[in-house]
Amino acid sequence: MEGQIVFENQNFSFGEFASISLPKNLKWAEKTQLFVKDWLADKQTFQLHTSGSTGKPKSLEISRTQMTASANATLQYLNIPQGISALLCMNPDMIGGRMMLVRAILGKWKLHVLPPSSEPICSEPIYFTAMVPLQVETLLNSSEGKAFLNGIKTIIIGGAQINDTMKARLSDINAAVYQTFGMTE
């Protein structure tokens, strides 16, 4: 079983996605496609960018081994099964987005990819996602957003610290929520 990547209701295996000419409406995903292609070609090092959550954003080189170990640790710690439906709604060119791609490939997930926005809502059922605090806060401020969050089994929030107000509001949703902070710095 191979995972899938879904852009605007178009399903591709990760291998197909790496080799197709992207439709014009998906040109924003060219760097994502290049990363997937390099990963599937067994590239051993990747130049990635941090969010800057603990200081000035940085460019750094991370090995495939490090990314694989991190992804596997997340999958095991959160007990995320293979083949689940997940959402990538963060910038896929930053470390958080790239790690979602690695987790999805290793976990053979069906990964729905949305362009980064402050209010990411997917019409499909989602088991796992990673978001930044701004996205979660925006979703908590609408009934549609709260309903979406309540339909997710597990959420990790990274890229910036979660304040006490958000922590209190998160206790009102059904999802298991974990904060990840400063993972690469």
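So here's what we get for this one:
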| item | result |
| --- | --- |
| For R64: the one exception among (1) more than 19 Å from I5 (Cα to Cα); (2) modelled with pLDDT under 95 | (2) |
| Criterion violated by Q66 - all others in (1) open to solvent by less than 60 Å² (accessible area, probe 1.4 Å); (2) not in a loop (DSSP other than H, G, I, E, B) satisfied | (1) |
| S53 vs. criteria over 21 Å from V136 (Cα atoms) and either at pLDDT 90 or above or surrounded by fewer than 20 Cβ atoms within 10 Å (Cβ to Cβ) (or both) | no |
| Verdict on L78 being buried (at least 19 other Cβ atoms within 10 Å of the Cβ), over 12 Å from the mean Cα position of the chain (by Cα), closer than 25 Å to N163 by Cα and not charged (D, E, K, R) | no |
| Residue that is nearest to C89 (Cα to Cα) [pool: residues in segment 134-172 that are under 18 Å from the mean Cα position of the chain (by Cα), at pLDDT 95 or above and small (G, A, S)] | G145 |
| Residue within segment 45-52 that is among the polar types (S, T, N, Q) and touching a Pro at 6+ places or on another chain (Cβ under 8 Å) present | yes |
| Test: residue in segment 165-182 that is open to solvent by 20 Å² or more (accessible area, probe 1.4 Å), β-branched (V, I, T) and in contact with a strand residue (DSSP E or B) (Cβ under 7 Å, 6 or more places away or on another chain) | yes |
| Residue that is farthest from the chain's Cα centre (by Cα), among those in segment 91-129 that are part of a strand (DSSP E or B) and under 20 Å from W39 (Cα atoms) | K110 |
| Residue tally, condition touching a residue at least 40 places away in the same chain (Cβ under 8 Å), assigned to a strand (DSSP E or B) and over 15 Å from the mean Cα position of the chain (by Cα), over segment 12-50 | 1 |
| Lone qualifier among G159, G97 - being surrounded by 18 or more Cβ atoms within 10 Å (Cβ to Cβ) and on the phi > 0 side of the Ramachandran plot | G159 |
| Selection status of A86, open to solvent by less than 10 Å² (accessible area, probe 1.4 Å), in contact (Cβ under 8 Å) with a residue 40 or more places away in the chain, out of contact with any Asp or Glu (no Cβ under 7 Å at 6 or more places or on another chain) and part of a helix (DSSP H, G or I) | no |
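The values are calculated or read from the model by the stated rules, or taken from the named source; none is laboratory data. What you are looking at is a predicted structure, and each value in this text was computed from that prediction instead of being measured. So basically every Cβ, Gly included, is an ideal-geometry build from the backbone, and we count neighbours across all protein chains shown. Side chains included, ligands, DNA and RNA excluded: accessible areas come from the protein's heavy atoms. Shrake-Rupley method; radii C 1.70, N 1.55, O 1.52, S 1.80 Å.
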